[in-house]
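> Sending over a structure as structure tokens; questions will come in a sec.
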Amino acid sequence: MANRSLDMRDCRYEADLQRWLAEAAVEADGRLQPARIGCGWGESTIGVYRREPVAQHVWDFGARLREGVHSLCRQLGVAARFWGTPYRQNFRFERPDPVVLQLERTLFQQELLKQGILTYNGVMLPSYAHDEAALERTLAAFGAALEIVARTAERGDWDRMVEIPPLIDL
């Protein structure tokens with residue numbers, strides 16, 4: 001078995017990833033060795049965690065996201081906030097009426113989707129791959145979605161604004 005140094009940090013584009021997988025998974029005689037892929041990724045990931053401030057980056061990103069979104073909520077008068085730790089937090093609206101709360105959450109998710117942001121019931125999971133541009137894009141998307149939620153709350157026309165089936169708690 002050839003001893004290859006497998007480092008995922010060298011993979012920046014899909015073509016690089018395909019090349020890396022091909023080199024990692026095939027022996028010199030052409031036999032496929034899929035187990036080497038997982039071992040290589042694991043080895044590379046552990047190495048990155050040892051060399052770089054992954055946990056601190058994820059925590060800081062989540063904290064900055066929380067601060068930015070909370071600021072937007074205050075500016076727009078939307079009663080909502082993040083709950084949980086910065087590395088795994090959930091965005092929740094604080095509305096006592098469960099019917100309106102469901103419509104508010106649904107409208108918010110709908111508007112985030114229109115901005116290209118996908119969450120599962122408002123859960124945000126920052127990663128080491130998220131950079132300053134991702135933070136700015138996410139805050140802009142939250143701002144746009146929260147602005148629509150605020151205007152809709154003022155008018156009370158939830159049914160007119162919600163275009164997707166209401167979200168349900170699973």
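The values are calculated or read from the model by the stated rules, or taken from the named source; none is laboratory data. Keep in mind that this is a model prediction, so the values were computed, not measured. Cβ placement follows ideal geometry from the backbone for every residue including glycine, while neighbour counts extend to all protein chains displayed. To get the accessible areas, we keep the full protein, side chains included, count just its heavy atoms, and leave off ligands, DNA and RNA. Shrake-Rupley method; radii C 1.70, N 1.55, O 1.52, S 1.80 Å.
> Long-range amide H contacts for residue 80: which residues qualify at under 5 Å (H placed 1.01 Å from N, peptide plane, sequence gap of 5 or more or a different chain)?
Hits under the 5 Å cutoff: 94.
> On a full-extension model of 0.36 nm per residue, what is the gain between residue 45 and residue 99, subtracting their alpha-carbon distance, rounded to one decimal in nm?
15.0 nm
> Considering amide H positions built from the backbone, and no H for Pro or chain starts, which residues 5 or more places from residue 89, or on another chain, come under 5 Å of its amide H?
124
> Evaluate the distance, in nm, between pseudo-label points positioned 7 Å from the Cα of residue 70 and of residue 137 along their respective Cα→Cβ axes.
Taking the simple label geometry, residue 70 and residue 137 are separated by 2.6 nm.
> Using a 1.4 angstrom probe on heavy atoms only, work out the carbon and sulfur share of the accessible area of region 67-134 in %.
Here carbon and sulfur together make up 57 percent of the probe-accessible area.
> Quick one: 3J(HN,Hα) in Hz for region 135-151, Karplus 6.51/-1.76/1.60 with θ = phi - 60°, rounded, Gly and Pro as x.
5, 4, 5, 5, 5, 5, 5, 4, x, 5, 5, 5, 5, 5, 4, 4, 5
> If you plug each phi of region 72-88 into the Karplus form 6.51 cos²θ - 1.76 cosθ + 1.60 with θ = phi - 60°, what whole-Hz ³J(HN,Hα) values come out, in order, with x for Gly and Pro?
4, 4, 5, 4, 8, x, 9, 7, 7, 6, 7, 10, x, 8, x, 8, 7
> Next question. Using modelled backbone amide H atoms (1.01 Å from N, in-plane), which distant-in-sequence or interchain residues come within less than 5 Å of residue 167's amide H?
Amide H neighbours of residue 167: 106.
> Show me the ranking of peptides 118-125, 65-72, 106-113 by mean Cβ neighbours inside 10 Å, starting with the highest. Provide the component values of the computation, followed by the final result.
Numbers: 118-125: 13.9, 65-72: 17.4, 106-113: 20.1.
Highest-to-lowest ranking by the protection proxy: 106-113, 65-72, 118-125.
> Taking θ = phi - 60°, what integer Hz values does the Karplus form 6.51 cos²θ - 1.76 cosθ + 1.60 yield along region 113-121, in sequence order, with x for Gly and Pro?
4, 4, 8, x, 10, 10, 10, 9, 6
> Please compute the modelled spin-label separation between residue 129 and residue 54, points set 7 Å along Cα→Cβ, answer in nm with one decimal.
Inter-label distance under the simple model: 1.3 nm.
> Okay, next question. Just subtract the alpha-carbon distance of residue 163 and residue 121 from 0.36 nm times their residue separation and send over the number in nm, one decimal. Intermediate values should be presented prior to the final figure.
Numbers: separation 42, 0.36 × 42 = 15.12 nm, distance 1.67 nm.
Extra length from residue 163 to residue 121 when fully extended: 13.4 nm.
> Between rounded, prolate and oblate, where does region 61-170 land on the alpha carbon gyration tensor, with a ≥ b ≥ c its root eigenvalues, rounded for a/c under 1.5, else prolate if a/b exceeds b/c?
prolate
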